[in-house]
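Asks: Structure incoming, see below.
Values quoted throughout were computed directly from the atomic coordinates according to the rules given, and no laboratory measurement underlies them. Computed from a prediction, not measured in an experiment: that's the story for all the values here. Note: ideal-geometry Cβ built from the backbone for every residue, glycine included; neighbour counts use all protein chains shown.
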Amino acid sequence: MPIRIGILIFEGAEELDFVGPWEVFTMARALKADSCEVMLVAERDAPVRCAKGMRVLPDTTTAACGALDVLLIPGGQGTRREVENKSLLSWIAATAATAKWATSVCTGALLLTAAGPAKGKRVTTHWAYVESLRERREASEVLEGFRYVRDGNVITAAGVSAGIDMALWLTGELFDVPFARRVQ
């Protein structure tokens, strides 16, 4: 059974926050056929305009995607709006509850804490958003100066290239370290 990896996309998502990990996970699939299924997941089956203008088509919707082994939530300006999206937060909470790993890149940590999976956990985010995330008082600690932070099955990455590092580390956990080095 392939590992099911869902990468959430939404209006204003930061492109490299999800495209970098996408590259890592799809390279794992290319090197080990049928090892994982990597999907872009959105609330609606329609093009999503990302932070820098890239338009992306989701592979599935939140309603149709089913259980995931890995959930990845990118950051971007859209997180400021989506943190008020109760249906999306409920989906994140429900999906993360059965996933092996719940992850975020950059300000995706805002959604991961607001939805509950990272509440009371140690997290990190982009350096420019550390104080704002601390002010929300949802995480037990918001660490700065770390590429990524693991607390239980929750992994948060600082931003853009740190998301790639986190995805490579996670590939080592999902498979093994020598395989992650091949993916790299």
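Asks: Whole-Å semi-axes of the chain's equivalent ellipsoid, largest first, each the root of 5 times a Cα gyration tensor eigenvalue? The partial results should precede the final answer.
Replies: Numbers: eigenvalues 100, 73, 46 Å².
One finds semi-axes of 22, 19, 15 Å for the chain.
Asks: Applying a 10 Å radius around every beta-carbon, put 61-73, 110-122 in order of their mean neighbour count, most first.
Replies: Values: 61-73: 19.4, 110-122: 22.5.
Ranking the peptides 61-73, 110-122 by packing returns 110-122, 61-73.
Asks: Please give the calculated 222 nm ellipticity per residue for the chain, where each DSSP H segment of at least 4 residues contributes -39500 (n - 2.57) and the sum is spread over every residue; nearest 500 deg cm²/dmol?
Replies: Details: 7 runs with 72 residues, N = 184.
Value at 222 nm, helices only, nearest 500: -11500 deg cm²/dmol.
Asks: Between S132 and L31, how high is the FRET efficiency from 1/(1 + (r/R0)^6) when r is the Cβ-Cβ distance and R₀ = 30 Å? Nearest 0.05. Could you put the intermediate results ahead of the total?
Replies: Values: r = 38 Å, r/R0 = 1.28.
For R0 = 30 Å, the calculated efficiency reads 0.20.
Asks: Determine the percent antiparallel among the DSSP beta bridges restricted to segment 15-119, to the nearest 5.
Replies: Details: 2 of 8 bridges.
Approximately 25 percent, going by the DSSP bridge assignments.
Asks: Could I ask something else about it? In whole Å, what are the Cα extents of segment 117-176 along the three principal axes, biggest one first?
Replies: 37, 22, 14
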